[in-house]
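> My questions will all concern the structure given below.
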Amino acid sequence: MSFSQRTRRNILLVCVAVSLVCVAYPIYVIRPFRAQGPRELAVALLVMRYRLLVTVISALTAIGVVVMYWRSQAKVWRKILATLGGALVCVLAALARVNVYESLMFHPVDHPAFAAVNEVKVDKDDKMLVVKVGGIARAYPIRTMGYHHIVNDFVGGTAIVATY
């Protein structure tokens, strides 16, 4: 089966677009402190469920198209662009296997930094998780805790774990 140059290019662009949506859409929708509608959340979870399979198929298709493109294309710069597009699809397929919520967002804070209350800008609506041990108090902003979920700290000489 022989495809025209335009058809190969369009297939490669579709592979890039599909892979990008499979990786980016769930990350965009499923973020802490972002309102989510039930329909968009359902779509994001559906995409997450099938993105491994879809991105592998997309990567294999892109590799096949790039190979065909290299065999039939005379211009080197077009071969390079096709190769970069195929490489992007492969990178996106690899990224689809990374759980960004565990590896990038939801990791514990092991060395929290603190400042005096009068040195920190806090909105009146900000909520805090407050711990007081031995006369020493610490306040952990819920906005930060929503991303990390765990803070390992020492308060008043006692090791604590604050979680949200």
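> Go through the stretch 126-152 and give me each residue that's touching a residue at least 24 places away in the same chain (Cβ under 8 Å) and closer than 26 Å to ASN99 by Cα.
Scanning the stretch 126-152 gives TYR140, ARG143, THR144, GLY146, TYR147, HIS148, HIS149, ILE150, VAL151, ASN152.
> Are any of the residues in the stretch 57-66 surrounded by 17 or more Cβ atoms within 10 Å (Cβ to Cβ), at pLDDT below 90 and under 20 Å from the mean Cα position of the chain (by Cα)?
Within the stretch 57-66, none of the residues are surrounded by 17 or more Cβ atoms within 10 Å (Cβ to Cβ), at pLDDT below 90 and under 20 Å from the mean Cα position of the chain (by Cα).
> Looking for something surrounded by 13 or more Cβ atoms within 10 Å (Cβ to Cβ), among the small types (Gly, Ala, Ser), within 23 Å of LEU95 (Cα to Cα) and at pLDDT below 95 - is there at least one such residue anywhere in the stretch 4-19?
No, because not a single residue in the stretch 4-19 is surrounded by 13 or more Cβ atoms within 10 Å (Cβ to Cβ), among the small types (Gly, Ala, Ser), within 23 Å of LEU95 (Cα to Cα) and at pLDDT below 95.
> Same structure, new question: For GLN36, which of the numbered conditions (1) over 30 Å from TYR147 (Cβ atoms); (2) outside any helix (DSSP H, G or I) fails to hold?
So GLN36 meets the others, but not (1).
> Another question about this same structure. What about LEU81, is it assigned to a helix (DSSP H, G or I) and in contact (Cβ under 8 Å) with a residue 60 or more places away in the chain?
So LEU81 does not fit the description; no.
> Among (1) outside any helix (DSSP H, G or I); (2) closer than 30 Å to TYR147 by Cα, which single condition is ALA42 missing?
In the conditions (1) outside any helix (DSSP H, G or I); (2) closer than 30 Å to TYR147 by Cα, ALA42 misses (1) alone.
> Let me ask something else. Working only within the stretch 117-164, note down all residues that are touching a Ser or Thr at 6+ places or on another chain (Cβ under 8 Å) and in a loop (DSSP other than H, G, I, E, B).
GLY134, HIS149
> Something else: Give the number of residues within the stretch 121-143 that are closer than 29 Å to ARG34 by Cβ and out of contact with any Phe, Trp or Tyr (no Cβ under 9 Å at 6 or more places or on another chain).
Total satisfying the criteria: 8.
> List, please: which pairs have Cβ atoms under 8 Å, are six or more places apart or on different chains, and start with a residue in the stretch 64-77 that is within 12 Å of SER4 (Cα to Cα) and assigned by TED's automatic domain parsing to the domain that holds CYS15 and end with one that is surrounded by 13 or more Cβ atoms within 10 Å (Cβ to Cβ) and of a type in the set (Val, Ile, Thr)?
VAL65/ILE11
The values are calculated or read from the model by the stated rules, or taken from the named source; none is laboratory data. If you're wondering where the values come from, they're calculated on a predicted model, not measured in any experiment. Positions of Cβ are generated from backbone atoms using ideal geometry, with glycine treated the same way; all protein chains shown enter the neighbour counts.
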